[in-house]
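As structure tokens, the structure follows; a few thoughts come after it.
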Amino acid sequence: MRIYTHPSCLLHDPGPGHAERPARLTAVVEALKTAFPTLDWHEAPRATRGQLLCVHDDTLLALVLDTTVETPTPLDPDTFLGAHSAEAALHAAGAGIAAVDAVMAGETSSAFCAVRPPGHHATASVAMGFCLFNNIAVAAAHACERHGLERVAVVDFDVHHGNGTQDIFDTDPRVMYLSSHQMPLYPDSGRATERGVGNILNAPLQPGTGGETFRTAWREKLLPTLDSFRPQLVLVSAGFDAHRRDPLAQLQLEADDYAWITGELATIAERHAGGRLISMLEGGYDLDALRECSVAHVGAILGRPLRLRDEDPVNTAQATKMNTTRPRPPARVAVMRNNAAI
Ligand SMILES: [Zn+2]
């Protein structure tokens, strides 16, 4: 497993008091380095304009990349462009591109992109909801256009609906978008009736929903649909703002719930995609919850169960060997709970 990040992602500054602040990424990076000292860290490259143009239009690229600002400048009431935002946005999108290239080349089976600004609210033409470019959509488009994949899944468990991702792919049957999210909540999309061309599946959850109902929605509705799609690559919009301590929403998840859903997604990735799973950080605004949940999430990817195809003895042999050396997630989660200040 690889972790992609870049120092420039710490320099995107929406201004004092903004929830989407550099300390979020510092918390995630420090927690992962403490919990998993031997992780394989990689510096994220910049996305190219050509790669971004697979999902975004020229006008948005010009706004984000060619506007000179010295102080945080609002693009909408939530979304700001600062002096270093363009560089951060290029590396955040580039992380997903690099991760797709790495898993398709067989250099690793999975990756987590610890980047910001987040991406899933950005549409083809509009930066919104703290998001400049849609990082996960750029990665999905790259997987289809550059690597010729015909079935790419984008799974989104951020507490907000990924309106941008849905909007970008809702007429593209190569990409399936599945999301659980709180409703009502920003951005007021993601109803169960929004189905695209049969490639969109939304499971809105009422404020106050806890882990049991969250798991039921995934177990009975979203995961069976994902399994039936037989994805060749699983991409995850990993937002941790459905945690019970998050200040921006009212779902009541615990870190264990994130470990559970991640394990389920990794199992489906093993079954259909040769284990190819790439996760990108989206939301999450309580720093302690971010630390716990990112460790639970990465731990579940590292310790995923063996579900390889019977007809592939080479992969089975490799995975058996790897599995003996992988850390097990439950112990890691327990450590984080007892040391909340990590
Ligand atoms: Zn969110």
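In the range 220-237, what count of residues is obtained for those that are touching a residue at least 24 places away in the same chain (Cβ under 8 Å) and more than 16 Å from the ligand (Cβ to nearest atom)?
Step one: of the range 220-237, the residues touching a residue at least 24 places away in the same chain (Cβ under 8 Å) are 222-223, 225-227, 229-237.
In the following step, the residues that additionally are more than 16 Å from the ligand (Cβ to nearest atom) were identified as 222-223, 225-227, 229-235.
Matching residues across the range 220-237 total 12.
Return yes or no: is ALA83 of a type in the set (A, V, I, L, M, F, W, C) and in contact with a Cys (Cβ under 8 Å, 6 or more places away or on another chain)? So that I can check it myself, show each step before the final result.
Numbers: of a type in the set (A, V, I, L, M, F, W, C): yes; in contact with a Cys (Cβ under 8 Å, 6 or more places away or on another chain): no.
Here the answer is no, as ALA83 does not meet what is asked.
Tally up the residues in the range 278-296 that are touching a Phe, Trp or Tyr at 6+ places or on another chain (Cβ under 7 Å), away from the ligand (no atom under 13 Å from the Cβ) and outside any helix (DSSP H, G or I), please.
Within the range 278-296, residues that are touching a Phe, Trp or Tyr at 6+ places or on another chain (Cβ under 7 Å), away from the ligand (no atom under 13 Å from the Cβ) and outside any helix (DSSP H, G or I) number 1.
Is it fair to say GLU30 is out of contact with any His (no Cβ under 9 Å at 6 or more places or on another chain), at pLDDT 95 or above, in a loop (DSSP other than H, G, I, E, B) and not polar (S, T, N, Q)?
Working: out of contact with any His (no Cβ under 9 Å at 6 or more places or on another chain): yes; at pLDDT 95 or above: yes; in a loop (DSSP other than H, G, I, E, B): no; not polar (S, T, N, Q): yes.
Taking the combined requirement at face value, the residue does not satisfy it.
When you scan the range 255-274, do you find a residue that is within 16 Å of the ligand (Cβ to nearest atom), surrounded by 24 or more Cβ atoms within 10 Å (Cβ to Cβ) and hydrophobic (A, V, I, L, M, F, W, C), even just one?
So the first thing to find is which residues in the range 255-274 are within 16 Å of the ligand (Cβ to nearest atom), and the list is 257-258, 261.
From the residues that got through so far, the ones that are surrounded by 24 or more Cβ atoms within 10 Å (Cβ to Cβ) too are 258, 261.
Subset that is hydrophobic (A, V, I, L, M, F, W, C): 261.
Within the range 255-274, one or more residues are within 16 Å of the ligand (Cβ to nearest atom), surrounded by 24 or more Cβ atoms within 10 Å (Cβ to Cβ) and hydrophobic (A, V, I, L, M, F, W, C).
Among the residues of the range 238-252, what is the count of those that are aliphatic (A, V, I, L, M) and either within 10 Å of the ligand (Cβ to nearest atom) or farther than 26 Å from ALA137 by Cα (or both)? Give the steps one after another, and end with the answer.
Going through the range 238-252, the residues aliphatic (A, V, I, L, M) turn out to be 238, 242, 248-249, 251.
Restricting the remaining residues to those that are either within 10 Å of the ligand (Cβ to nearest atom) or farther than 26 Å from ALA137 by Cα (or both) gives 242, 248-249.
Within the range 238-252, residues that are aliphatic (A, V, I, L, M) and either within 10 Å of the ligand (Cβ to nearest atom) or farther than 26 Å from ALA137 by Cα (or both) number 3.
Give the residue that is nearest to the ligand (Cβ to nearest atom), with candidates limited to residues of the range 104-163 that are assigned to a helix (DSSP H, G or I) and touching a Lys or Arg at 6+ places or on another chain (Cβ under 8 Å).
Looking at the filtered set, the residue picked out is CYS144.
Under 8 Å between Cβ atoms, which residue pairs at least 6 apart in sequence (or on different chains) link something in the range 90-107 that is closer than 13 Å to GLY275 by Cα with a partner that is assigned to a helix (DSSP H, G or I) and not charged (D, E, K, R)?
Listed pairs, sorted by first residue: VAL100/ALA139; VAL100/HIS142; VAL100/ALA143; MET104/ALA143.
Just a yes or no: is a residue in the range 76-85 of a type in the set (Ser, Thr, Tyr) and buried (at least 24 other Cβ atoms within 10 Å of the Cβ)?
Scanning the range 76-85 turns up at least one residue that is of a type in the set (Ser, Thr, Tyr) and buried (at least 24 other Cβ atoms within 10 Å of the Cβ).
Return the only residue of ARG215, ARG195, ARG191 being away from the ligand (no atom under 16 Å from the Cβ), assigned to a helix (DSSP H, G or I) and of a type outside the set (Val, Ile, Thr). Please lay out each step first, then the result.
Details: ARG195 fails: assigned to a helix (DSSP H, G or I); ARG191 fails: assigned to a helix (DSSP H, G or I).
Just one listed residue meets the conditions, ARG215.
Kindly list the number of the only condition in (1) within 16 Å of the ligand (Cβ to nearest atom); (2) touching a residue at least 60 places away in the same chain (Cβ under 8 Å) that fails for LEU205.
It fails just one condition, (2).
The values are calculated or read from the model by the stated rules, or taken from the named source; none is laboratory data. Quick caveat: nothing in here was measured; it's all calculated off a predicted structure. A quick note on method: Cβ atoms are made from the backbone with ideal geometry, for glycine too, and the neighbour counts reach across all protein chains shown.
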